[in-house]
Structure formats: C-alpha cells, structure tokens
1. Rounded to whole Hz and in sequence order, give me ³J(HN,Hα) for region B:169-181 from the Karplus expression 6.51 cos²θ - 1.76 cosθ + 1.60, θ = phi - 60°, writing x for Gly and Pro.
2. In nm, what is the difference between 0.36 nm times the number of residues separating B:Asp77 and B:Asp449 and their Cα-Cα distance?
3. Applying 1/(1 + (r/R0)^6) with R0 = 35 Å to the Cβ-Cβ distance of B:Glu303 and B:Thr384, what FRET efficiency is obtained, to the nearest 0.05?
4. For region A:56-126, calculate the relative contact order in percent as a whole number, restricting contacts to Cα pairs under 8 Å that are 6 or more residues apart.
5. Tell me, B:Val426, B:Val354 in order of fewest to most beta-carbon neighbours within 10 Å?
6. Pull up the cross-link candidates among the lysines for A:Lys220, meaning alpha carbon to alpha carbon under 17 Å and not fewer than 8 places away within one chain.
7. Under the Kirkwood approximation for Rh and a Cα-based Rg, what ratio Rg/Rh is obtained for region B:877-970?
8. Consider a paramagnetic label point 7 Å from the Cα of B:Glu684 along Cα→Cβ; state which residues of region B:720-734 have an amide N under 13 Å from it.
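Please treat every number below as a calculation from the coordinates, not as lab data. Quick caveat: nothing in here was measured; it's all calculated off a predicted structure. Neighbour counts are summed over all protein chains in view; Cβ atoms, including those assigned to glycine, are modelled from backbone coordinates with ideal geometry.
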Amino acid sequence: MQDAVLMSPVAFAHALRKPVNGEVNGMETALSFDAADVEAKRSQTLSICDVSNLNRFGVKGPQAANWLQAAGIKLPGTTNSWTPQDNGSLVMRLGNTEFLLEDQPENDLTGMLNDTAVNEGGVHKVLRNDAAFIVSGELTPALFSEVCAIDLEGATLEENRLVMTVIAGVSATLLKQTLNGQSVYRIWCDGTFGPYLWKTLLGIIEEQGGGPVGFNFYYKLN
Amino acid sequence: MTSRIAKKRGEWINRDKPLTFEYEGQQVQGYEGDTISSALWANGIRVLGRSFKYHRARGLLSFANHDVNALMTDGEDTNIRADVWPVSNGMSLKAVNTDGGVIKDKNKYIDYLSPFLPVGFYYKTFYKPKRMFPFWEDKIRKAAGLGEVNFNYPRNIRPKRHAHCDVLVVGAGASGLSAALAAAAEGLSVILVDENLQAGGSLSYDYAGDQSSADTLHALLSEVEANQNIRLITDAYAGGYYTDHLVPIVEKSGITKVRAQSVIVATGVFEQPPVFRYNDLPGVMLGSAAQRLVHRYAVKPFEKGVVVTANDHGYRTALDLASVGVDVVAVIDMRSSGAGQDLTQKVKDSGISVHKGSCIYEAVPSSNKLGIKEVVVCPYDENTAEADTSKSVRLSCDGVAMSAGWAPAAALLYQAGTKMAYDYDVEQFVPAQLPEGVFAAGKVNGVFDLKSRQLDGRRAAAEAASYLGKAVQLESFKAASVNRPSHPYPIVNHPKGKNFVDFDEDIQVKDFINAAKEGFDNIELMKRFTTVGMGPSQGKHSNMNAIRILARIRQLPVEKIGTTTARPFFHPTPIGHLGGRGFHPHRYTAMHQWHVEHGGEMMEAGVWLRPAYYAPAGAGLTASEAVQQETLAVRESVGMIDGSTLGKIEVFGSDAGAFLERFYTGKFADQKVGGSRIAMLLDEAGVVVDDGVAVRMAEEQFYVSTNSSNAATVYREMQRNVQLWKMQVTLVNLTGAMAAMTVAGPKSRDVVASLTDIDVSADAMGKGAFRTGKVAGVDARVMRVSFVADLAFEIHVPYKAGLHVWKALMEAGKASGIRPFGTDAQRLLRLEMGHHLVSHDTDGLTNPFEAHSESLVAMDKPFFIGQRSLKILEKKPLNKKLTTFVLDPDFHGEVPNECNLVIDSASQIAGRVTSISYSGYLDRHIGFAFVPPEHSHAGARFQIRTDSGAMVAATACKAPFFHLLESRGE
C-alpha cells in the first residue's frame, strides 16, 4: 500500500502498540488496537480513541456567523457551546466570531464549506490541525480529576456546553456527547501537542485498568 | 508484659487479624489497625526513640501525629511517624538518629553535656577557625538529625487530583460532623476531611469513664455515611489554605486539590503539656494521648500513675484511666480553684485523691533513665510559677498523664487571613474576623462544651449556606460556659532545668530566658534563635507555651506577643506528593518520527523537540563531525531542515497592512502582494524582542513568521494590540497547523523544482519572493529565503501532510546528496551568513542600533511599538555594538566560549561573545560579539578572555564570511 499522504498527529505515538491501521479521509488511522470485546470492555472502564482523521473546518471573522448561516449551517446560540447538525456533524462556537465544524465519517459538510468561495470581507477560513480524541468509561471523572483543574462532574458540560481548558498542561477544547448510546467526552488540542497528550492520558488510563480503542470501535469502518 | 486490655467498644484494632513485626531486633505482636506506637506500647515497650539534640529516651507524647521523637526507619522508608503509622506484617523498624540502637545509643552522653550546649551555641562556635568547620559540621550532622535519606528511593508517582465542592469541612469531630450534615441538608455538596483513620475526633476517646457520648458519634457517623451530599475523606490532612478556597488534601496516595466555594474550619485543638523537670521521660504523656491509647487501641498507658492537670480535662482523663483498671494515684491540679464540684466528686468516688494548687516539681527517672519511677509533688504558686519544695511529697508511679490546656489548630485560618484575638475566657487565640467564605466551628473557635460544639457546627454551616446564596435562618447561640480549658501559665520553674517546652528540639524554659537576655525577645526572633517550633511538629505542642513564657519575660499580655507566621504546608509533606506525576508538555513536528529513525539527536527547544544533528546508527559520527558534514552539504550541494517550529500567524482584514506598520518597525502598507519583508518587533523600551518575515499573500492578508520560541508571545501581543488600537484585523495562529521545511544549498532549486508546479527559476523567484502552488501534490506556500544559504526555499504545508512532503523532497534530493540538517548546523550556517539570532545574540537590553538593524527601522512612520524610546536612544551615543568577528588563521589555542568577555586595553570588561563556532567550510573560528562601537568596524582588533583566563585576539570582520575564502584564493 502506498503511504497515506496525511498522517494523524498522533500516528507515531500509536506505532509501538502495533494497531491495525487503515486509511480514513486520506489519513492513516489506528482502526483497532485489540479484539472488539477487549476494546468494548475498555470503553466501559476507561478508554481513549484517536479521531484526528475526522474532517474539520474552521472559520473566523466578524461575518463568520452570517456566512455559515447563509450556507445553511445551524449555529449554537452562544459562545462556548456546540450543536449537532441533522447529519451528525458538530458545530462548535469557540468565540463570538470563531467556529469549528467536524464531520462524521459518512458526511462531508466541511468539504462543501471548503469549496464554498468567500466573497465578502470579515470571513476567514482557518486551517485546522487538531489532535482529536474520544474518552469514555466510568472512570473518566477520575482521569479528569488528575489532568484538569476545573469541575467536569457538575453541570459544566451539560446542555451542549463547550469548555476550553487545560488538560495535562495543554490547552484543549472539551465537550460531552452521546455516541452510539454511550456518553463520551471529546477532546481537541493543537496537533503538535497530540502525541504528548495521547501518551500522558493513555499512561493514566492504563494505570486505571483501561486502554486504547481504535477508530472502528466508534465508527465501525473496515 | 502486655498492656493490652479487654475488648472495648469502638476500638480501632481488629483482634481477628494479628500481625508480627520487628522493632530494634525484637519480635513484636500487634493487630491490624494498631499504629506502631500502640503495638509497641501494648507490648510493654516504652522507649520509642531518642531526642533530636540530647539523645534522651522518649516515649509517647501526643499520640496525635506529632510524636517526632518516635520516628522510625523501615527499609527504604524513613521518618515514619510511629504514633500514626499502621503496623503491617514483616515490618523491620529501627528508631532514627541512634548509634547502636535505641536503648544503648552511644550518643546519649550528649545529655550530660547539655549544660555546655546552651541555646544558640552552634551559632557562636565551630565557625572559627574556618578550616575546622567541615570537621565540626560532620560531627554535628552525625550526632543530630533524623532518618537518613535513601538516595535510591524509588520514584512512586503520587497523582495530584482536583476536587470541587460547595463546602469543605476540615475536621470531623463533633462540630465538623454537625457542620457537614447541616450544610448537606441545604443541598450543598460537602467534602469532609479528617486526619485520623476514623472520623469522630474527641468523641472517640474523651469519655470521662462514661462512653455514652459514643452514641452521639455513632448517630452522627451513620447520618454522614447515609448522606449522598457528603464525601468523607479520612486519614488525610488539609495541608494549607490558598486564595479562593483552594485547600490541598494530603492522603497517603497523593494530594487532592480541593477548590471549595466555602470552607468550614473545625480543626479542633492541640493539647499542650505542662512544663516541669523531666516531663519528657518515657511514660509521661499528654492526657488525650492516654485516652486515645485506652479507647482506640485498648492499651493501658501505665499501670500506676498520676494525672497532672491545669484544667478539667485532667479529671476526665483520670476517670478514663481508672475505668480500665489503671491505678491512678492522684490528680495533681495546678489550679488552686480546682475543677467543678461534680467532676471532682466523681474522681474522688473512683478512689483518686485530688491535690489542688499543686504541681509536679519533677519526675524522677528510673535507674536506667528509660522510664519514670516517681514524681515529686509540691504546692504550686500560680502567680510566680514556683513550687514550694519544703512541702514536697513523692508518689511512686510508672506513668504521668498531663493536661494543661490547648492551642487552636488554626494554621488554615491564619493562612486564609483570619484576624485572631486572645480570649481570656478560654485562654486561647480565637478567630475575631474571618475572611469571606471561611468559617470556624468548635474548639478552634473557642467552643468546648460538646452540645455547644454541635450547635456551633450547625451555625457555621448555616452561615456558609447563606454565603452561598441559600435562604437560611441564621440563629446565634451562646456556648455553654465551661471552666477555663487552658491554663495561662502551666510552667514550673526548676533551678536544674530539663523542663522541656519543645520536645522536637529539646528546648527548656531557661533557653527562652537566655534568648531574651541576648535580645531575641520578639516571637519571630526567639523562634529562630531557640528553634522553638522549627522541628517536624512545627510547634504544635510548644508554640503556645513559648508565647506564654515570652509574655511573662517581657511582662506583656499574651496578645501583645502574637504568634509566628503559619505557612503551608502545615504538616511535613513528602516531596513526591508535592511533585505529583508532573506534566511537561512537548510539541512534536509532523516529521518527528522520521528524525528519530534517521539518527536525529533530539533536544528540547522551548517546548518543541527538534533534532540538534543527525548521527545515524553505524555512521560513527561525533556530534561535531555530523554538524560539519551537514553544513558542508548545504554549502556544496543541498540540505533540508525541519522548520515547523517557526511561529506562523495570519493577519487578515482591511487594516492588516496598517496594523503591521504599527506593530513592527518596518513598512508594510505599500508591500507588494507576493513579496516578503523582515518584520522586527520591539518592546515599548525599544528592545528587540523578535524578528521574522511578513509575506503579503493578498491585499488584506499577511502571513507572518516569528522565532520558534516567540510564537505564542507575539500572537498574544498582536491580539492585545488589535483590541487596543480597535483595528479591523482578524488573527489566526497557524504555528501548529502548518509544517515547514527549508531546502537550502546550490542544488536546492533543482530539488524543489522537481516536485512543484511553481516556477522557482531565478528570474521568476528572486530573493524574498513568495508563491503558492503544489509541492508533492500538496497545497504549499513557498518562499525564497536566505537565512542559512544564499539559495534556499522555505516550504509550508498543512501539518498532516508534512511528513509526506518531507519524504518526497528527501527522495527527490537523493541524487544530489541531500542531507537533513539540525539546529546545530543551522546555527553555524546562519553565522557564516552573518545573521544574528534575537534573544541569543541580543539580550533584554539590546536595541536595533546596537544590533546593526537600523535598516529595518522606519523612523519616519507616525508610530510603531518602541518608536518613542528609539527617538530618545538615537540621540545618545552607543555603548556597545554587535559585530561579527574572526579568530586569526591557524588559531590553535583555547577557543573562547559564548559569554566570554571582551577585555579592553585597560583590562576592563568591554563586551562579550554571543556566538562562536568553528566553520569547517571556512576553516576559521567565527562569531558575534558585543564590542565598544570603536572596535566594531572591519579590521578592528580586540581581546577575548577565555574560561581559563587566556587572552585570545579577534578581528572584527564583515559578514557574510565567505570573503575569507576569496582572501585565501579559493
């Protein structure tokens, strides 16, 4: 197989664990780290999954909200909140004038936006390079209590709230959503910090009896 | 001999689980739940350690986590507090700070020398003659001290966690439990923490012979356990108070940083000993320690003893002791008034005689000085603290329980900024003015009666709930009056001394008197001179008596003396706990793994990991050889460096050009699209803080680079100024989103051209030109740069495609002998080019005139950051100038290092070397140095002083340095 053009920022941190790799959205991705039943058990205890391969689109500027709405995007009403689109894509409002969109594997809203020309001032597309993780399991509060100073057990993440915080010393964006019926936490950080954050979180997760799960665990690709 | 008594209600030991361990070579039996001290005491072992200074035998004192004369070593662990540490099977314990064992300690002779070792003696001796100090230091360190540090101690990671709650209640005694329940009843989330293994405080041991108050404890604990709003943490202490109610809770497993909305301090009090001669003998202990031994561990403190007291608590202790069969010979009450009638009668009914207005003048040691055989009791004058020895009585006993009063466990309150006042009704410092959101309850608040403590806890909870916005009825209550719980001066003077105030540091009454005589009569000075309160217990059983003694010496009321400063952590905390797991974020470029696989020697560059040079396995290259080879490849063929760490910021908007004009020193408003300019940033003082390149990508879009370590700072400063100047500008930090690599060298154009659709020919892409297009099929931004070589291309691509493009370029350059080069070669290459590095060749004072950067400053602009300062500076003569220099041809002496000084003809410091390297390509040592302006012109000679002091001649020289080759005819 020809090398994928795109690499997850976390790819080399995965390598030691010899995952089954595949290409998703043109990016080499760890599809699974272990047997499905093992990963399922981990996801109930404490697990982390690299989903950096999901397509993202960033836009910023005083007219960004109008431009997105004109493109038919449903926007969160307030800053630091998020809303899903009908097709499952996430729209996160990072600030008054800044948005981050993330697709599910089966849709391409971000591709459509990337192809949409910007003809007005005050709208600027933002190149994204996020390391993105899904963290799940009943021990997640214990994990976050060690790596994050803010209270994530209360109402902080309820009602589609988005939290910008520091996780293990790295600036990160955090939300809580339901995925395949399971309550999970989503984390995004600058991709250059991705390997560090992956290794740090995974180290604690494994101490607590959890482990990594592959992309297929949530998105069932082959 | 065993001192274990029959099973008691509420005891903390599990008699179904016996344990065996070793103490000083002796097999000892205990039970699960025993502490080391309780198990030893139950086995009749009374000497638990030696004192810090005089090596006196010591036993139990507080039995409350402050017995620092009973510290143990168990294998690799040391300074284990025997009074609270649980025993386990197989422990092999030794007392610390002994030579030859705790019984036969060879250093016990120091006790005989004590008259010659007055307080402060080591401040005045041993330092002369100076050469002898190491000898004495060695002796003192061996004779004094605690456990030996084990440098091979394994690193056990202790996580630091965060927790949040509405109300943090510190102390789970009667008031703390009541406060927690009342707060939880208001729907507030509560964390309740207690340093003991089990909650309850004095409800679990202070019974006065009647365990009915255990019912109260049982009821409170049952409610707490059933309450979902309360999280109870035991065996953990609140280590300190920090701003905004941040309180670290220290458990054996690690620290939890609790961020509370409000804090209720119900920490109780520390019992204080009366001070009399030989009050430190094994068998003499605090009354509460005796009660804890009896009720928590079912151990008799002694067989036949006396209770010396200066409050009612001594009577309660006597009743508890009598209830388990201890032969209590007498209660010796230092107060002439004695206790209340009921309590006195109860004691007398138990067959115990009461001696009011009496004191223990001295305890008499057994013949081996490892215990007590009798006490000398005398009438006592409370006003003069003198005993009437003419009427002394000797009472035979093997133990003494002491109760003289209490000191509030108020460290957290002090740290929170509470104003304390001395309350003469209870003879104790109590909170007078609490900070916002902080509340106090129970004994620390001066409330001693049990029912009142519970009410006080509820009152504090109601106030906390009200503070947090709950509509609660605030009701005041009056605490039931009690006999003064503390004595104002429980000291018995003795001409022969050894009446100990501080057991950590062996400090006696006369030490305070001597300190005051020497002028150290302020509490903070006295603390430092006598070292009172500076031992591991941090004065918990000594500071209050020290304050009382100083007040008496100075004839001042106690409140005028004040207290010493309470700093966190209030209890010794292992360094490993404080360090925790330790998070040290690193940034990785997209090509990181490639560098590692190709021999990259990775180094930290700020938070980034970068290859310093490449030494592939088997190549047998030294670092220096690798750097020279990489440099040569760039000069003669082609090399490539990973430059992803450069700061990359996009500046959009109608004011983008105008913004950069104000932000940087140069002009950008008239910059052509597709061109680049150097962007130098100053601070308000005119100091150079960064330089990069600004590319105009479109009329309203710039792409600006910064130094690797400055990206976040420059971006933040841009954001700040956009708001300050109210300009129509949007900023995007692309530092982590873009990978960058520079292909440099005479063959770089060929390599890049083979992979791109951009016309990179000399005509189409001159120096400073910027183009966008595809490189290896990936959208790329390409710039002609000349930082490391005359011909070089900086290629920026999305991070996730970075490795793909890097590999493609390496493949394309194979035929040309392309080599990756690291930061070490980059530094040499830019030096050969004569480019200085901001923050390396410049410092926090360097302005553009000193750094030869005048050409980058457009003083005719209306405004830019630092311009006002430069206008002042340009009128002043320069003191220094950064210049390039070269050492003489064929130089073979000691090579100067960076920071070596430039020395003028008068042997004065005239400058310093900022960079220096040997260039194999030029076969010369070249560098940058700050020199006086008159020595900065080409050809000027100056001297550099090396590390060894040798002087090396250098010549200022124009850059780039390649003309040196021409002068050699190459």
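1. So the J values, rounded to whole Hz, are 10, 9, x, 10, x, 4, 6, x, 4, 5, 5, 4, 5.
2. Stretched out fully, the B:Asp77 to B:Asp449 stretch lengthens by 129.8 nm.
3. Working from the Cβ atoms, E equals 0.50.
4. Relative contact order here is 41 percent.
5. The most exposed by this proxy come first: B:Val354, B:Val426.
6. The qualifying lysines are A:Lys41.
7. Taking Rh as the inverse mean 1/r over Cα pairs, Rg/Rh reads 0.96.
8. Zone members listed by number: B:721.
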